């Protein structure tokens, strides 16, 4: 390596003399610039970045001491040799504070300047060797850092590491300030996962989490520790983006548990919390990011009494063929179970109990076909999967019961229509009369069934039928009297009312309608 030298002196003869008498190349140096005053010297130093500056103390614009001070502040690695007069000896010694390595009294010969340069070059060479050793050490350290970090986490999680040990690690990784508050991210993937796969997950995650400071793999979990320097919300947003990308890249669902922020000394507690959180994916769902708010939601209110499974409201809606109402009842039931956060086995037991009760709403043969569903429920990993399964079964059975009831209802309404067509001439014929005296049913319920099936109220259907019969009479019988006609179709002895109703339906009175027939 060739070291660059700058020479500054306000006397031209000295600049030219030193420039010519020193054998620069033999010293492995190069004279890159000269200057005649302190200001010019500083500008050239800023541009050339010399390793060594030889400067007179007394110069116009900026003296040698001021130049040495300014260069020491801006370019601290630059070495100085000062040239001074006899009376400036004590003054020159102050310059040692500013990185001045040697001072020579004027006049000085070639040997003294050469010797001073050799001293500085020797020192620079020693520094260079030390830096190379340090770089090599740093390179080796960088290679083993992942293993050391993993060891650190292992000690912290198992509780074998103490504060002294951790402080040593902090100094080694230069992360003391960054790790005052940390968050712990625990990643759990679905299916069979190898250590190599989890390690790959960690590597991918580091691309999304620049504030990641430590990471390791423990069992089936990838563990990441990140500082909160960028803010908690920003850190959470990065975790969301990371999970999305990891799921896309590795084509597998993964659930993330997030604990913290908390002091780094409590990382063992954060790890145990994350393990607890990941266990709640049964309730929260696979592929979610689970935090303490999912485990201890602020709005959650525990039931004041012990949870009791009441499956009857759901079953009643299924039997009635009311699919939407059955789903509402299931929602209410699972919401109650969710508030209680019952154990996984207890929740599955309740779901099996509910399933067995639900399938009893259909015939025995269909129940046998559905019994295999209990094994499917037991194999499910989340409460949401179990709810969706029960929702599907409830829909299937409610639709079957609805079709069965509709068929039964159609039979009843057919009887009502037969009664209307047979007894329409009876002025006493009414919904209440048919329900109470002929079909022995609740009149209101029968009225709802009739409208649901025909789209019309009983009274409107009966009146329309009577008017259609009246039209047939008027068309077929030439001399039928209105009094007689009104009585024959069920209007009794009220021909005037019959005429009003007839006109409402046809736009004509019975007499006017007959005239229109004669004109055709």
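The values are calculated or read from the model by the stated rules, or taken from the named source; none is laboratory data. Keep in mind it's a predicted model, so treat the numbers as computed, not measured. Glycine also receives a Cβ, built like all others from the backbone with ideal geometry; neighbour counts cover every protein chain displayed.
State yes or no: is residue 475 in contact (Cβ under 8 Å) with a residue 24 or more places away in the chain and surrounded by 14 or more Cβ atoms within 10 Å (Cβ to Cβ)?
Numbers: in contact (Cβ under 8 Å) with a residue 24 or more places away in the chain: yes; surrounded by 14 or more Cβ atoms within 10 Å (Cβ to Cβ): no.
No; evaluated as a whole, the condition is false for this residue.
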Discussion item. Filter region 418-432 down to the residues that are under 17 Å from residue 489 (Cβ atoms) and either without any contact (Cβ under 8 Å) to a residue 24 or more places away in the chain or exposed (fewer than 14 other Cβ atoms within 10 Å of the Cβ) (or both) and list them by number.
Written reply: 419, 421, 422, 423, 426, 428
Worksheet entry | Odd one out for residue 191, checked against (1) closer than 19 Å to residue 289 by Cα; (2) modelled with pLDDT of 80 or more; (3) over 17 Å from the mean Cα position of the chain (by Cα); (4) not in a strand (DSSP E or B) | (2)
Worksheet item: Here are some conditions: (1) within 28 Å of residue 485 (Cα to Cα); (2) in contact with a helix residue (DSSP H, G or I) (Cβ under 8 Å, 6 or more places away or on another chain). Residue 426 meets all but one. Which one does it not meet?
Response: (2)
Item to complete: Among the residues of region 14-39, write down those that are over 16 Å from residue 57 (Cβ atoms), in contact with a strand residue (DSSP E or B) (Cβ under 9 Å, 6 or more places away or on another chain) and part of a helix (DSSP H, G or I).
Response: 16, 19, 27
Worksheet item: Of everything in region 296-326 that's under 31 Å from the mean Cα position of the chain (by Cα) and modelled with pLDDT under 50, which residue is farthest from residue 393 (Cα to Cα)?
Response: 298
Practice prompt. At least 1 residues that are farther than 30 Å from residue 228 by Cβ and out of contact with any strand residue (DSSP E or B) (no Cβ under 9 Å at 6 or more places or on another chain) in each: list the helices (runs of 4 or more DSSP H) lying fully within region 245-347 that qualify.
Written response: 312-319, 323-340
Discussion item. Residue 238 - would you say it is at pLDDT 80 or above, under 24 Å from residue 196 (Cα atoms), surrounded by 15 or more Cβ atoms within 10 Å (Cβ to Cβ) and not assigned by TED's automatic domain parsing to the domain that holds residue 188?
Written reply: no
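Sort out for me the helices (runs of 4 or more DSSP H) sitting completely within region 417-520 that have 1 or more residues that are more than 30 Å from residue 402 (Cβ to Cβ). Quick ask: steps written out before the conclusion?
Numbers: elements: 443-454, 458-476, 482-488, 495-506, 510-519.
Of the helices (runs of 4 or more DSSP H) lying wholly inside region 417-520, those with at least 1 residues that are more than 30 Å from residue 402 (Cβ to Cβ) span 458-476, 482-488, 495-506, 510-519.
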Worksheet item: What single numbered condition from (1) in contact (Cβ under 8 Å) with a residue 24 or more places away in the chain; (2) surrounded by fewer than 17 Cβ atoms within 10 Å (Cβ to Cβ); (3) touching a helix residue (DSSP H, G or I) at 6+ places or on another chain (Cβ under 7 Å) fails to hold for residue 84?
Response: (2)
Discussion item. Between 55, 77, 25, 46, which is surrounded by fewer than 18 Cβ atoms within 10 Å (Cβ to Cβ), closer than 19 Å to residue 109 by Cα and in the same structural domain as residue 112 (by TED's automatic domain parsing)?
Written reply: 25
Worksheet item: So which of 284, 264 is modelled with pLDDT under 85, surrounded by 18 or more Cβ atoms within 10 Å (Cβ to Cβ) and farther than 30 Å from residue 191 by Cα?
Response: 264
Worksheet entry | Test: residue in region 165-183 that is buried (at least 19 other Cβ atoms within 10 Å of the Cβ), modelled with pLDDT of 80 or more, assigned by TED's automatic domain parsing to the domain that holds residue 264 and under 22 Å from the mean Cα position of the chain (by Cα) | yes
Practice prompt. Evaluate region 105-113: report whether one residue or more is assigned to a helix (DSSP H, G or I), at pLDDT 85 or above and in contact with a strand residue (DSSP E or B) (Cβ under 7 Å, 6 or more places away or on another chain).
Written response: yes
